[in-house]
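The values are calculated or read from the model by the stated rules, or taken from the named source; none is laboratory data. Predicted model only: the values in this text are computed from it and were never measured. Cβ atoms come from the backbone with ideal geometry, glycine included; neighbour counts cover every protein chain shown.
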Amino acid sequence: MNGSLRPGASSWRRAATMVLAAGWARPGPAAPSPPPPPAEGFRLLLLQRSESQGFLPGAHVFPGGVLDKADHSPDWLRLFAPHHGPPRFGLGPPLSRPASFPGLPDAADEDGAALPDDVAFRICAIREAFEEAGVLLLRPRAALPTAAEPARALAPPPGLDAWRDRVRRDPRHFLSLCAHLDCTPDIWALHDWGGWLTPFTRSGGRRFSTAFFLCCLREPPPVYPDLTEVVSCQDHTTHLGACSLLLPGTTSVVISIRGN
């Protein structure tokens, strides 16, 4: 096998992506008439990348990005303390990977990492959704995790742009934001969906080993694109043909969700 194709630690950048599906909120009597709800009963959030981006310019993608050491930080232990205990904080035992995960050998957890990959990847996906779309999928620390009802996104914090700029420059500031709001990333709202390895295109091209998580919200979250990496945010159900979607990851996931 050619060296550039061989799966190994130096060949892949680990990343996490959130497939965000939202229900259809019923407006109050004084609200303006909304568009009719989609036949599927939910919408999927897609972000359009800036044409100036070096990777997938102009493509419509799900929120996500590269795993950072800050996502494994032991400082998260203090914030998660009220929710069961380390290392998994009530996520339950790791599940065997479904057939939709690629055959790349599992990467070992970071040496000395305080959090397992199952937790760190979820933190990464939630952090990236905040950076790119302003979606704040957090849970107040006093609220115990429960599957009784779909999750909700929090309203954006005061000084959204300032916080987002700090987090973009240094992902450790996402932990600072959570501590400031007395919240934890709602890792319990993210469910394993699948994985995707970037297809080989050319020698030296960027390649990612990406974990996909599905998150179902009661209603569409407030969305604020950063206008730097992401220029617009759109929700989609059936009208996929009009968009230049990322293939095969985005389209295959959308079609799979619609078929279930």
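Give the residue, chosen from Arg78, Arg26, that is farther than 23 Å from Thr198 by Cα and either modelled with pLDDT of 75 or more or among the aromatic types (Phe, Trp, Tyr) (or both).
On inspection, the qualifying residue turns out to be Arg78.
Considering only region 150-196, state which residues are closer than 18 Å to Ala16 by Cβ and among the polar types (S, T, N, Q).
Passing the criteria: only Thr184.
Of all the strands (runs of 3 or more DSSP E) wholly in region 170-253, which have at least 1 residues that are modelled with pLDDT of 85 or more, crowded, with 17+ Cβ neighbours inside 10 Å and within 15 Å of the chain's Cα centre (by Cα)? Step through it out loud before you land on a result.
Numbers: elements: 183-185, 190-197, 208-217, 230-236.
It comes to 183-185, 190-197, 208-217.
Quick one: Leu45 ticks every box in (1) outside any strand (DSSP E or B); (2) hydrophobic (A, V, I, L, M, F, W, C); (3) modelled with pLDDT of 70 or more except a single one, so which number is it?
Failing condition for Leu45: (1).
Among all residue pairs at least 6 apart or on different chains, which show Cβ distances below 6 Å where the first residue, located in region 167-178, is more than 15 Å from Phe80 (Cβ to Cβ) and in contact (Cβ under 8 Å) with a residue 24 or more places away in the chain and the second is not β-branched (Val, Ile, Thr) and not in a helix (DSSP H, G or I)?
Correct list of pairs: Pro171/Asp68.
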